[in-house]
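Structure first, commentary second.
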Amino acid sequence: MNRILAAAFSLAVIAASALIQSTPAYAVEPSMFGTVLDVNTRLPVNNVCVTVGPPVRCATNTKADGTWSLDMTGAPNGIQWDVRLLLGGQIKAEFLGVTVTGPTQVPAGGPALIDATGFVTPPACGAANTATPTATSYLPNITKTLGGPTGWQTPFIVQNTGTLQTTLEISWYKFADGTCAKRIGVNQAPGTSYAYIPNNDSTMPDSTQWSVVVRSYGSTVVSVVNEHQGVSGRAEAMSYDGFSGGAKSVFLPNVTRRFFGFVTPIIIQNLGATTTTATASFVARGGGAPNQNIIRVIDPGRSQFIDPNSTVGLIDGTAYSVTITADQPIAVVVNTHHDDSFVANPVAYSADGIAIGATTVYAPYFAKNVARLGVSTMVVQNVGTATATPSLKFTPLGGGTATTFSLPSIAVGSGTAFDPRYTSGDTTKPLCGSASSTGCLADGEYTVEASAGGTGIAAAVSVIGGASAMGYTALTQATGKYYLPNVTRTLGGATGWTTPILLQSSTATGATLNWFRFSDGGLVTSQNVSLTAGSGVRIDPRSVPNLTDDTQYAVVVTATGGNIASIVVELATGADNAMIYEGFAQ
């Protein structure tokens, strides 16, 4: 599974959890049962996780003889349920829309056959492969029930972006001491994705953090991490991209300390072979606060944190642009929170640090006063060597007349923000209305190109609504192909996760999207879309023929006639069930 979930407890999951805990059923009451065997040996498989509804957590597990059962007392006969079997946090089989009438076998008529290779006993950390991997992906922060049963968990997805089958070696390293906790091998076909759900992996302890390293032998790969916490009205969701390598300079356009309630903890992972000293240079946005250097000494493979709210020298109510330098390659994740216990609608979002800027960067989604999603702001950081005077070109999503704004000059290392609610995006100027006027965008949805002539810039985009928040970093590459590891259609039911794709054309006239199903890697459909250079489109999986509900896909987007940029917006009904991740350029 996926990037789903602990965020979205649908009514079906809540109902299922209540039913599972109810008193034993009589013969006339609904129930489910089954047997799980290894597809190769036909031996029973112990400790398989069985989920009902979205695969958030196990409803029960198989016994040593491979059998399982669930009492559904109180549920009306004829109700349909989605049943999934997971092993080691990975979906091995799924049975969608199972109609439960009295005692119901799943699947009907016989045992479920799954590939249990390497999982009949929990996979220990054997010797790592000593060969040189084709590609490596680093995930600095992976958690299981961190903070309690409804605490942070971080499903991750790895997509094979090459043309050959690859073998993934996935290793989990404990935050506490850096030792290896688990290592597995997985074969993955071209274009397809491997997904891992920590909460459904009984071989791993609760309330624990790891860094994960994915080594691919045979093909290139990319990865995405979804982070979830809480239930119902206090559910939060955020997402970050895995790293293919580190950099010795990393840029963070938007870091805050108690800024309208928001704070942005920074996680720095040392990807090098020796201990490194990382220096984070904080430059206050708009002046008014002294600049600060914060130092962290980080051992190889380990992570250190900077929490602005508890860091001496940083000022409450201040936003900063940050540059982190080190003598070893590092990877950085920025988590943005507004979720103190007294906050009525807690929200969070996450984004990667930026290893390299560009003279033009692309933002496929930007909103002004859009229902539920709210308002976007863009923070542009000068990562070059000379003063920058960027411009922002806004084009209505779907096409239309572009509007360009010039930003104030930005000193090296500093940043400036554009807020569309104000004239020229400047919060010191008058508020705009809902219609287009001089210096003001009309309410609506846009794509953005930010350009700065001969010097490099980086940018971060936030999308803040009344009860949700999303964020991403602007893309520094428009290319002929993009990889999207996790795209879903009503995953978990009608109110579950659906993930519209946002395509932005720099020069392309069209694109082809190939949709690969998670469960078996099959190519389900190829879809062609028309594009206009400079504009963008939204592709909602619910409107794509041949796709099915409650299903996950890996998508490969190939441009025609030019280059594109892409992000994926992930949405489920209720609370802060909203997040964005950046697509991966070829």
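The values are calculated or read from the model by the stated rules, or taken from the named source; none is laboratory data. Note that the structure is predicted; figures quoted are calculated from it, not measured. Cβ: placed from backbone, ideal geometry, glycine included. Neighbour counts: every protein chain shown.
In the range 392-424, of all residues being within 29 Å of the chain's Cα centre (by Cα) and hydroxyl-bearing (Ser, Thr, Tyr), the one that is nearest to Thr532 (Cα to Cα) corresponds to Thr395. Just so you know, in the range 168-225 the residues that are under 23 Å from Ile580 (Cα atoms) and assigned to a loop (DSSP other than H, G, I, E, B) include one that is nearest to the chain's Cα centre (by Cα), and it is Ile197. Of the residues making up the range 558-576, those that are within 18 Å of the chain's Cα centre (by Cα) and buried (at least 24 other Cβ atoms within 10 Å of the Cβ) are Ala565, Ser566, Ile567, Val568, Glu570, Ala572, Asp576.
Could you tell me whether any residue of the range 446-462 is free of Cβ contacts under 8 Å to residues at least 60 places away in the same chain and of a type outside the set (A, V, I, L, M)? No, every residue in the range 446-462 fails to be free of Cβ contacts under 8 Å to residues at least 60 places away in the same chain and of a type outside the set (A, V, I, L, M).
Mind telling me which of the residues Thr167, Thr203 ends up being in contact with a Gly (Cβ under 8 Å, 6 or more places away or on another chain), at pLDDT 90 or above and of a type in the set (S, T, N, Q)? Just one listed residue meets the conditions, Thr167. Taken over the range 422-466, the residue count meeting the criterion of being of a type in the set (Gly, Ala, Ser) and surrounded by 18 or more Cβ atoms within 10 Å (Cβ to Cβ) is 12. Residues in the range 267-285 that are among the β-branched types (Val, Ile, Thr) and part of a loop (DSSP other than H, G, I, E, B): Thr274, Thr275. Counting only strands (runs of 3 or more DSSP E) wholly contained in the range 470-585, the ones carrying 2 or more residues that are under 27 Å from Thr166 (Cα atoms) and at pLDDT 95 or above occupy 481-489, 510-517, 523-530, 551-560, 564-571, 578-582.
Candidates Gly317, Gly286: the one that is exposed (fewer than 13 other Cβ atoms within 10 Å of the Cβ) and either out of contact with any Gly (no Cβ under 6 Å at 6 or more places or on another chain) or of a type in the set (A, V, I, L, M) (or both) is Gly317.
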